[in-house]
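One structure is given here, and the rest of the page talks about it.
Each value in this text was obtained by applying a stated rule to the coordinates, not by laboratory testing. Quick caveat, the model's predicted, so the values are computed rather than measured. Every residue, glycine as well, gets a Cβ built from its backbone with ideal geometry; the counts of neighbours run over all protein chains shown.
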Amino acid sequence: MDTTGSQAVTAPPHALARGGISKGALSALKLPSIVLLVLWSIIPLVMTLWFSLQHFNLLEAGRSFVGLENYQYLITDPSLLAAVWNTLLLVGWVLAITVGLGTLLAVLFDQDFWGRGVARVLVIAPFFVMPTVSALVWKNLLMHPVNGLFAFLTKTVGLSPIDWFTDWPLTAIIIMVAWQWLPFATLILLTSVQALDPERKEAARMDGAGPLALFFFIIIPHLARSIGVVIMIEMLFLLSVFAEIFVTTSGGPGTASTNLPFLIYRYALLDFDVGGASAGGVFAIILANIVAIFLMRSLSKSIQS
Amino acid sequence: MTKATRRKLLTTALGWFVALIIFFPIAWMLLTSFKTEIEAVSTPPRLFFHPTLENYRDVAFGRADYLKCAWNSIYVSFGSTLLALLLAVPSAYAMAFFPTKKTKDLMLWMLSTKFMPAVGVLVPIYLIFRDTKLLDVATGLLMVYTLVNLPIVVWMLYSFFKEVPPEILEAGRMDGAHAKEELLYLLIPLALPGIASTALLAIILSWNEAFWSLNLTASKAAPLTYYIASFSSPEGLFWAKLSAASTLAIAPILVFGWMSQRQLVRGLTFGAVK
C-alpha cells in the first residue's frame, strides 16, 4: 500500500491519515454533489436575471431586451407594496407568536409532569402536517363562517361569527402558519433548555432567585443563541409561504393576503409574464440573502467546534 | 399533599391543557373523518355519532386518484431521499474525515444554495421543465427534491460522521481496508442510526413540500399535497371526505416525525442546536 502518511502531520486533529486514498479519489467522492449543486444554483439564477431584463410573455411570440423596464413596472405596481407589507406582517407576527409562546412552552415541558412524553408528542404534531391539509382543515372545519367550529363557539357566547378568510384573511393565515411553526420553536428551544446545566439553576435558587428571576436572568440568556437560530431558520421558510395562501384565499380579497411568493406566482403562471415574474424573483432572492448572511455567520461559528 | 406534589399536579394540568389545545385541529379532523357528510357540517357540531368508515372507503377506492397520488408521494419522497443519500454519503465521508482548508467554505456554500427562495427560480425551472417535457412527470419532481434536500442531508450526515471515532476507521485501514470497504463495512454500519434519522427528515420534508408539487405537477404526477389542494374547489363541501383523505395523507409522516423527534432538532438547525 502506498503510504503518504507524512501529510497527516499537518492535517487537523480529527482527520484520518489518508493512507491509500489519493487526493483525486477524495475529490471524486465530493464531486457529484458539488457539480449538481453548482448547476442547480447557478443556471436558474442566471436565467432569472436574464429574463428579468426582457419583455417576455408566454402568450406573445418573441421577446426583446428592455433593460430595467420590468423593474420599473414592478416598483410602480401597487400590488408590490401590498405584497411586501403582507410578507413582513406575516413573517413578523408568526415569529413573535412562535418564539414567544415557544419559549414559554419549552420551560413548561422542561418541568417534570405526568405523561409529559405523550403531551410533548401531541405538541410537536402540527409540524408534520402538510401545508395543504392544515390550510383546508383550518379554513373549513374550524374557521368556516357558517359550519365551522369557531362560528359555533362565537354564536354560543352570543357574538356574531367572524368570516375569517373574507374579513381577516391575513390574520387567519398568520394564526394558521403560527400553529404550524410553534412546534418547531418549542422543540428547538426545549432541547436547548434541557442542555442547561442544572447546577447553574440550583446555584441561582440558592442565591434566592425566584422563578421569574430564574427565567429572565438564567434561562433567557442561555436560550439567546438558540432563539437567534430559530428566528433565522423560520424566517427563511416564512418568507416563502405559498401553499397555505394558494388553497385558502388565492391572495385575496384583492391583494389583502398576497405575499411576495404569491405575487410572483401570479405574474408567472396566471399572467404568463416571465419578465415581470423574474424581476420579482430577483427581489425575493435579495430579501432571502439578507437573512441568510446573518444565519451563515452564526452557523460558521458552530461548525468549528 | 406535599407542596411538591401539588406543584407537579398543577404543571400536569397546564401541560396537558396546552398540549390538547395545540393538537385539537388534528383531533377534530380525525373525528370528522368518521362522520357522514351531513354530520360533518351540522351545527351544533356532533360529538357523539355512529362512526362510519364510508369516507375512507370512498377516498381509497371510490376515485382512483387517491391511490395514484399516494404512490406518487411515496415514489417522489423515498426516491429523492435515496438519491440524496447516494450523493451525500461519499461527500460527507470525505469532508468529515479528510478535511482540508476549504472544507468549511464548501459546507457553507452548499448550505447557501438552500437559501435560494424557490419562488425566485420558479420561472426558469418551469420553462426548463416545459421544454424538456418534465412537467407533470414524477421523476422530474423527484430530481428537484433531491437537489433541494441535498445540502441538509450532507450537513446532517457530516455532523453524525464527526461522532464516529476516526481511530476505528484507522484500525480498519491497518488491516488493509480500502476507501470503499472502509465506507461500506465500517462507517455506514457505525453511523446507521444517524443515516436513518437523516433519511427520515428528508422523507418528511419531501412528503410535505407544497411549492414545487403545486407548480410542476398536475393530474398525472400529482402527490398527496396536490390531491388535498384539489378539495379547495368551491363546488360543494366534502368535509368528511377531506378529513379522511387528510388523515391518510399525514398519518405515515406523523409516525416518522415522532420516531425521529430527537434527531430532528439537529437536522432542522443544520447542526447548530444539538
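From a point 7 Å beyond the Cα of B:A196 in the direction of its Cβ, which residues of region B:71-99 have a backbone N at a distance under 12 Å? So the set is empty, nothing qualifies. Counting only the Cα atoms, region B:1-148 fills a convex hull of 272 Å³ per residue. Here is how the number arises for chain A: DSSP H runs of 4 or more residues each give -39500 (n - 2.57), the sum is divided by the residue count, and the result at 222 nm is -21000 deg cm²/dmol. Between B:T132 and B:I188, the distance separating the two model label sites (each 7 Å from Cα on the Cα→Cβ line) works out to 2.7 nm. For region B:169-266, the normalised intensity computed at q = 0.13 Å⁻¹ comes to -0.66 (log10 of I(q)/I(0), Debye sum over alpha carbons, equal scatterers, no solvent).
Summarised in one figure, the compactness ratio Rg/Rh of region A:235-305, Cα atoms and Kirkwood Rh, is 1.12. For peptide A:37-45, the mean count of partner chain Cβ atoms within 10 Å of a residue's Cβ comes to 6. Could you compute the longest span of chain B free of GluC sites (Glu not before Pro) located in DSSP loops and having at most 13 other Cβ atoms within 10 Å, not counting the site residues? It runs B:1-162. Under the rule a/c < 1.5 gives rounded, and otherwise a/b versus b/c splits prolate from oblate, where does region A:100-256 land using the Cα gyration tensor? Verdict is prolate for region A:100-256. Among the trypsin sites (Lys or Arg not before Pro) in region B:103-156, those placed in a DSSP loop whose Cβ has at most 11 other Cβ atoms within 10 Å are B:K133. Each Cα pair of chain A feeds into the Kirkwood radius, which the Stokes-Einstein equation turns, at 37 °C and 0.692 mPa s, into a diffusion coefficient of 140 µm²/s. Applying 1/(1 + (r/R0)^6) with r as the Cβ-Cβ distance of A:A96 and B:K104 and R0 = 35 angstrom yields a FRET efficiency of 0.55. On a full-extension model of 0.36 nm per residue, what is the gain between A:W114 and A:L270, subtracting their alpha-carbon distance, rounded to one decimal in nm? Extending this stretch completely gives an extra 50.9 nm. In whole percents, the pair-distance distribution calculated for region B:113-173 from its alpha-carbon pairs, binned every 10 Å from zero, is 18, 34, 21, 14, 13, 0.
How much FRET efficiency would the formula 1/(1 + (r/R0)^6) give for B:A27 and B:S219, where r is the Cβ-Cβ distance and R0 is 51 Å, rounded to 0.05?
The formula returns an efficiency of 0.95 here.
If R0 is taken as 30 Å, the Cβ-Cβ distance between B:T36 and A:T171 corresponds to a FRET efficiency of 0.40.
Within chain A, the selection of entire DSSP H helices by a Cα span of 24 Å or greater along the long axis and an average Kyte-Doolittle value of at least 0.0 returns A:23-51, A:78-110, A:169-194, A:220-238, A:274-304.
Using all pairs of distinct alpha-carbon atoms, the Kirkwood hydrodynamic radius of the protein assembly as shown works out to 25.8 angstrom. In this rough spin-label picture, where each label sits 7 Å from Cα along the Cβ direction, the B:M1-A:I220 distance is 3.1 nm.
At full extension, B:E54 and B:H178 could sit 38.8 nm farther apart than now, given 0.36 nm per residue minus the alpha carbon distance. Over chain B, dividing the summed -39,500 (n - 2.57) contributions of all DSSP H runs of at least 4 residues by the number of residues returns a 222 nm mean residue ellipticity of -21500 deg cm²/dmol. Computed over chain B with a Gaussian network model linking Cα atoms closer than 10 Å, the most mobile of B:F97, B:F49, B:F231 is B:F49. The Cα trace of region B:64-268 gives Rg and Dmax of 19.6, 70 Å, the first to one decimal, the second as a whole number.
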